[in-house]
Amino acid sequence: MNMKAAIIGLDGVPIELVKDLTSRGVMPGLRDILKEGELRKLQSTVPPNSAASWTSMTTGKNPGEHGVYGFTDFVPGTLSVRYHYASRLKAQPFWARNPALRTLVVNLPASYPAQPLNGVHISGFVSPCLRGAVYPSSFHDALAKLGYMIDVEAPATPNDYGRFIADLNTSLHRRVEATERHLQRGWDILFMVLTGTDRIGHYLWEAYRDDNHEHHEAFLDYFRQVDEAIEHLNGLLGEDTPLMMLSDHGMGESRVSLNLNTLLRRSGHLATSGTEENYYSLEPGTKAFASETNKIYLNRVGRFPRGSVTEDAAERITDELNDLLLGTLFRGSRIVKRIYTGGEIYSGPYTDASPDLIVIPEKGFSLKTRLTGDRLFSVDGLTGTHTDDDAFLFLRGENAACVPESLNIQDAIAALNGAGGLSL
């Protein structure tokens with residue numbers, strides 16, 4: 001059985017952007033590749049967070065089984081926030097289940113520090129330094145000499161956009177060059193993620209939607225370069241190699257942000273002291289607080305050191321929060337599309353670490369979770385925000401047409417197996 005396969009991830013790219021830019025001739029290489037297989041809409045994780053989504057994709061598990069609900073979580077029994085480390089992952093990624101296959105993993109978010117495998121692993125955002133992001137470590141110096149960039153610096157002001165766009169282009173070219181160098185050493189499985197597609201979507205989504213925007217052509221030109229990169233890599237793979245391309249979540253317009261913690265404070269569910277972004281500032285009696293965009297935690301007795309919510313009160317407070325969130329309007333428009341409970345959508349041995357509520361906004365809105373400040377609504381500094389229901393999946397393989405129409409990202413590897421006759 002042929003066990004070669006390639007996966008190319010385009011972080012934060014919605015299916016409608018793929019259809020639009022291929023039909024307009026901005027991405028002709030991708031247009032031709034799409035003719036060789038099947039394009040599907042893909043459901044992201046809840047929340048549509050890159051750490052949770054890519055981890056669900058690589059493990060084939062939901063967060064209740066792999067333990068990753070976002071880039072950050074709380075140290076158990078404390079109010080201290082920590083970044084996810086790959087060494088704490090609770091489920092095996094597909095390459096660990098196939099140790100005989102030489103695997104090249106490039107720029108995978110939330111996979112720091114780079115983990116040992118049969119091949120090469122270069123972890124992506126959030127990696128604090130390149131040295132810990134490379135396995136084997138012997139490849140570090142060559143990547144550093146190449147000028148390999150884990151990520152780009154976000155623009156602080158509109159005057160930074162020129163530099164930001166130039167960095168995105170440089171980062172893309174160096175990532176492709178590094179990938180090509182390692183492919184030349186031999187490979188069975190390639191998995192590369194491009195994250196610049198997410199960054200430009202966050203900061204310049206309005207430039208994509210507005211033909212008259214000063215950076216509209218720069219946005220399109222970046223995706224032309226992404227297209228050239230995909231076409232180049234595809235040429236290295238061989239036309240018979242099963243190929244999957246996918247995004248971890250979609251992207252949509254963000255006009256206005258709602259600060260969940262300000263809402264919770266105004267409703268009497270949250271009280272803090274001081275002016276620091278520190279969850280140890282929670283006052284006694286706090287019933288709920290929000291973290292990392294979409295996640296709300298009940299301040300449960302036994303879970304957090306200043307817990308005040310008993311199991312008997314949890315259902316009542318959950319109902320209060322549902323009514324509060326769904327009833328909050330901006331100029332007559334509802335902000336929240338749907339609210340999930342952790343018990344509703346997660347299953348597995350690590351569901352106790354899940355947030356109690358996951359809030360998904362309506363189109364045009366985004367969510368913030370700053371503990372300090374009193375502004376309920378603000379104009380979002382990011383013009384694009386994550387969406388949960390419009391990611392994409394493309395499959396090329398002899399059985400690609402048999403892949404179901406509606407898929408969740410945790411089913412992506414199974415879909416690749418079905419399309420290509422693989423057993424990853």
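Taking TYR83 as meeting all but one of (1) surrounded by fewer than 19 Cβ atoms within 10 Å (Cβ to Cβ); (2) within 17 Å of the chain's Cα centre (by Cα); (3) under 26 Å from ASP411 (Cβ atoms), write down the number of the exception.
(3)
For region 32-61, give me each residue that is buried (at least 18 other Cβ atoms within 10 Å of the Cβ) and among the charged types (D, E, K, R).
GLU38, ARG40, LYS61 - these are the residues of region 32-61 that are buried (at least 18 other Cβ atoms within 10 Å of the Cβ) and among the charged types (D, E, K, R).
Surrounded by fewer than 15 Cβ atoms within 10 Å (Cβ to Cβ), closer than 30 Å to TRP205 by Cβ and small (Gly, Ala, Ser): does that describe SER291?
The answer is no for SER291.
One line per residue, one yes/no per condition, for (1) crowded, with 21+ Cβ neighbours inside 10 Å; (2) in contact with a Leu (Cβ under 8 Å, 6 or more places away or on another chain); (3) without any contact (Cβ under 8 Å) to a residue 40 or more places away in the chain; (4) in a helix (DSSP H, G or I):
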position: ASN169; (1), (2), (3), (4): no, no, no, yes
position: ARG174; (1), (2), (3), (4): no, yes, yes, yes
position: PHE191; (1), (2), (3), (4): yes, yes, no, no
position: ASP198; (1), (2), (3), (4): yes, no, no, yes
position: LEU204; (1), (2), (3), (4): yes, no, no, yes
position: TYR208; (1), (2), (3), (4): yes, yes, no, yes
position: GLU214; (1), (2), (3), (4): no, no, yes, no
position: GLU217; (1), (2), (3), (4): no, no, yes, yes
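Going through region 176-189 one residue at a time, which ones are outside any helix (DSSP H, G or I) and either surrounded by fewer than 15 Cβ atoms within 10 Å (Cβ to Cβ) or hydrophobic (A, V, I, L, M, F, W, C) (or both)?
Selection gives GLN184, ARG185, GLY186, TRP187, ILE189.
Could you check how many residues of region 309-333 are in contact with a helix residue (DSSP H, G or I) (Cβ under 7 Å, 6 or more places away or on another chain) and without any contact (Cβ under 8 Å) to a residue 40 or more places away in the chain?
1
Let's see how each residue does on (1) of a type in the set (Val, Ile, Thr); (2) outside any strand (DSSP E or B); (3) out of contact with any Lys or Arg (no Cβ under 6 Å at 6 or more places or on another chain); (4) loosely packed, with under 11 Cβ neighbours inside 10 Å:
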residue	(1), (2), (3), (4)
ARG306	no, yes, yes, no
ASP312	no, yes, yes, yes
ILE317	yes, yes, no, no
LEU321	no, yes, yes, no
ILE339	yes, no, yes, no
GLY343	no, yes, yes, no
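Among the listed residues SER378, SER366, which satisfies the condition of being of a type in the set (S, T, N, Q), in a strand (DSSP E or B) and surrounded by fewer than 17 Cβ atoms within 10 Å (Cβ to Cβ)?
Being of a type in the set (S, T, N, Q), in a strand (DSSP E or B) and surrounded by fewer than 17 Cβ atoms within 10 Å (Cβ to Cβ) holds for just one of SER378, SER366, which is SER378.
For region 144-168, what are the residues that are within 24 Å of the chain's Cα centre (by Cα) and of a type in the set (A, V, I, L, M)?
MET149, ILE150, VAL152, ALA154, ALA156, ILE165, ALA166, LEU168
ASN408 passes all but one of (1) more than 24 Å from THR197 (Cβ to Cβ); (2) out of contact with any Gly (no Cβ under 7 Å at 6 or more places or on another chain); which number fails?
(1)
Which residues, taken from region 329-341, are in contact with a strand residue (DSSP E or B) (Cβ under 7 Å, 6 or more places away or on another chain) and either farther than 20 Å from SER53 by Cβ or modelled with pLDDT under 95 (or both)?
PHE330, ILE335, VAL336
Filter region 394-414 down to the residues that are of a type in the set (A, V, I, L, M, F, W, C) and crowded, with 24+ Cβ neighbours inside 10 Å, then identify the one that is nearest to LEU243 (Cα to Cα).
The qualifying residue nearest to LEU243 (Cα to Cα) is LEU395.
Restricting attention to region 117-145, report how many residues are in contact with a Lys or Arg (Cβ under 6 Å, 6 or more places away or on another chain) and in contact (Cβ under 8 Å) with a residue 24 or more places away in the chain.
Adding up the residues that qualify gives 1.
The values are calculated or read from the model by the stated rules, or taken from the named source; none is laboratory data. The structure displayed is predicted, hence computed values, not measured ones. All Cβ positions, glycine included, derive from the backbone under ideal geometry; neighbour counts span all protein chains shown.
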